[in-house]
Amino acid sequence: MLWAVAGVITLGFLVALEIVARGYGLGGPIANQVREVIFPPRSGFVLYGSMALMMVVLTWRQRLVSFLAALGVDAVFLLVRWVADIKVTEGHPFGNGALWVIVGWAVIAVTRRAGEERLHILKGVALGLLLVTGRKIGDTWLLITSKTRPQVLDQYVATADHALGNPSWLVGRIVEATGVVGSTFLHIVYAQLPAAAVAVAFYQLRNVATERRFPRHHLVHTFLVIGLLGPAIYMIFPVVGPVYAFSAEGGHWALADLWPNTLPSLGTPQHMPFDEITPRNCMPSLHTAWATAIFLHSRNGPRALRFAGTGWLIATLTATLGFGYHYGADLVAGVVFTLTIEAGLRAFERGWDRSATQLVAYGTAVFTALLVAYRWLPTQMAAYPWLFGPLLLLALASVIHLYVRTTRAWDPKAAPVPQPQPQPELA
């Protein structure tokens, strides 16, 4: 019943988003996904990651056959495009095979399986499609933000960011100093965030095929909720980022060519018009939010996975600032945003109690206070950085502390190992 309700709600949301997107002359998530059955996908890596998630319900033999089938279909597509002299100018020349395999397993489940086996496979197919559909929903949301929010609030956030020492300008100069090697590495980390998510999720779901059930909470849940709620905040607080608002990348829409070498001067911030192409996707930083979620869900894994989760978080934070995609204020809001969502999902899994309500309410209050301060108190924050900078970091630290303290109390305690009692010996 829960899966059926979730499916109906998701379908209704997709249809509504498709209608809104068509009203703005854009392709919606359903049309864009169906298009990738034949045409080059935007991201072949995401499709193969989705197929990997789907395969958690399969046996190792079925996984191998599915993977080889995906490669075979992609090889056929490459051959046909080569023979027809079709150049792939957008997206990736691979990935169609992975989507075909996912759809193929859905057909097999409906036509060749029955009962629990059918339901089990369909859950895996739904899991795989959720990742790629979530990506399409996010892409459509970003296009809608650029069409519906002609003015942005970058001047407000840039002014407020003085309280944190303008970290985007500082890290931007550091990344430039690392040259091509550092920039290329960070670009790979930034672009392949879904791959890291699939690795952690696959570890969490590694026993699904043998246990025939999914864990009640895993990384995919958090990823999807972040992706669904985040763009709604974009609509409320539209920001394009320093590389567009304060550098030549923004063209004639930019306020000035300042980033990352010259700090913006203090003044009275104002709304500024921007183009209808650049997404208003900065507040909060969802890349920071997703990397934080990967970090949280990797804590219960082996040492290598924990190290990878930590490294991915640090590299993602560096990339978001160093490429000028975000302000420091965005990152603070992104971490609070994720911890609040994760707390709510974990509370839904285990059952709500007073501690869960307090944690979610506090995280929501802090997140709201951050947005209010960035919008209505930026000049005061810039004028008194010695006061507001520590207050921002203290607010972030308080949410982290409450989350850690509360969730540790939720974790099951290991039963004490019984100690052998001394036995009497014969004299």
Viscosity 1.306 mPa s, temperature 10 °C: give me the Stokes-Einstein translational D for the chain in µm²/s, with Rh taken as the Kirkwood radius over C-alpha pairs.
68
Work from the charge dipole of the chain (Cβ charges, +1 for Lys and Arg, -1 for Asp and Glu, about the Cα centre) and give the residue of G27, A256, L64 farthest towards its positive end.
L64
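Normalised by the empirical 2.2 N^0.38 Å for globular proteins, what value does the Cα Rg of segment 1-81 take? Intermediate values should be presented prior to the final figure.
Details: Rg = 16.1 Å, N = 81, 2.2 N^0.38 = 11.7 Å.
It is 1.38.
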Under 5 Å between amide hydrogens, which residues at least 5 positions from V152 or on another chain qualify, with H placed 1.01 Å from N in the peptide plane?
M272, F274
Run the helix sum for the chain: -39,500 (n - 2.57) per DSSP H stretch of 4+ residues, divided by residue count, reported at 222 nm to the nearest 500 deg cm²/dmol.
-23000 deg cm²/dmol
To the nearest Å, what is the center-to-center distance of segment 29-68 and segment 155-171, using C-alpha atoms only?
40
Placing +1 on the Cβ of each Lys and Arg and -1 on the Cβ of each Asp and Glu in segment 131-243, which of W141, T222, A232 has its Cα farthest towards the positive end of the resulting dipole?
T222
Karplus-derived HN-Hα couplings along segment 356-363 (A = 6.51, B = -1.76, C = 1.60, θ = phi - 60°), whole Hz, x at Gly and Pro:
5, 4, 5, 5, 5, 5, 5, x
Using the charge dipole of the chain (Lys, Arg: +1 at Cβ; Asp, Glu: -1 at Cβ; taken about the Cα centre), state which of L359, G95, V208 has its Cα farthest towards the positive end.
V208
How much area per residue is accessible in the chain when the probe is 1.4 Å and only protein heavy atoms are counted (Å²)?
51
Using a simple charge model, +1 on the beta-carbon of Lys and Arg, -1 on the beta-carbon of Asp and Glu, nothing else, what dipole does the chain show about its Cα centre, in debye to the nearest 20?
1160
Carbon and sulfur %, accessible surface of the chain computed with the full protein complex present, 1.4 Å
68
Length gained when the stretch T379-T310 is fully extended (0.36 nm per residue, less Cα-Cα span)
21.4 nm
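Between V88 and F13, 0.36 nm times their residue separation minus their Cα-Cα distance comes to what?
Details: separation 75, 0.36 × 75 = 27.00 nm, distance 3.12 nm.
23.9 nm is the gain from fully extending V88 to F13.
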Approximate spin-label separation F39-A232, in nm, with each point projected 7 Å along Cα-to-Cβ:
3.1
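How much space per residue, in cubic angstrom, does the convex hull of the C-alpha atoms of segment 287-360 take up?
76
Can you list which of the trypsin sites (Lys or Arg not before Pro) found in segment 191-272 are DSSP loop residues with at most 10 other C-beta atoms within 10 Å? Could the numbers behind the result be given before it?
On the way: sites: R206, R212, R213, R216; in loops: R206, R212, R213, R216.
Qualifying residues, ordered by number: R213.
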The chain: relative contact order as a whole-number percent, Cα under 8 Å and 6+ apart:
18
Label-to-label distance, nm, for residues given as T184 and T368 (7 Å Cα→Cβ offset):
4.9
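With +1 assigned to the C-beta of every Lys and Arg and -1 to the C-beta of every Asp and Glu, and no other charges, what is the dipole magnitude of segment 65-152 about the Cα centre in debye, to the nearest 20? Kindly include the intermediate steps, with their values, before the conclusion.
Details: 10 positive and 6 negative charges, 53 e Å.
In debye, rounded to 20, segment 65-152 gives about 260.
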Both in Å, the radius of gyration and Dmax of the C-alpha trace of segment 115-186 are 21.1, 60
Here the longest stretch of the chain that holds no GluC sites (Glu not before Pro) in a DSSP loop having at most 14 other beta carbon atoms within 10 Å is 91-275
Which of the aspartates and glutamates could be linked to K147 by a straight reach, that is with a Cα gap under 18 Å, when you skip same-chain ones fewer than 8 residues away?
E18, D139, D275, E276
Taking the Cα centre of each part, how many Å lie between segment 315-371 and segment 227-287?
21
Relative contact order as a percentage, segment 48-135, C-alpha pairs under 8 Å and 6+ apart, gives 47
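The values are calculated or read from the model by the stated rules, or taken from the named source; none is laboratory data. Only a predicted model underlies this, so the values are computations on that prediction, with no experimental measurement involved. Ideal geometry is used to build each Cβ from the backbone, glycine not excepted, and the neighbour counts take in all protein chains shown. For accessibility, only protein heavy atoms count, side chains too; no ligands or nucleic acids. Shrake-Rupley method; radii C 1.70, N 1.55, O 1.52, S 1.80 Å.
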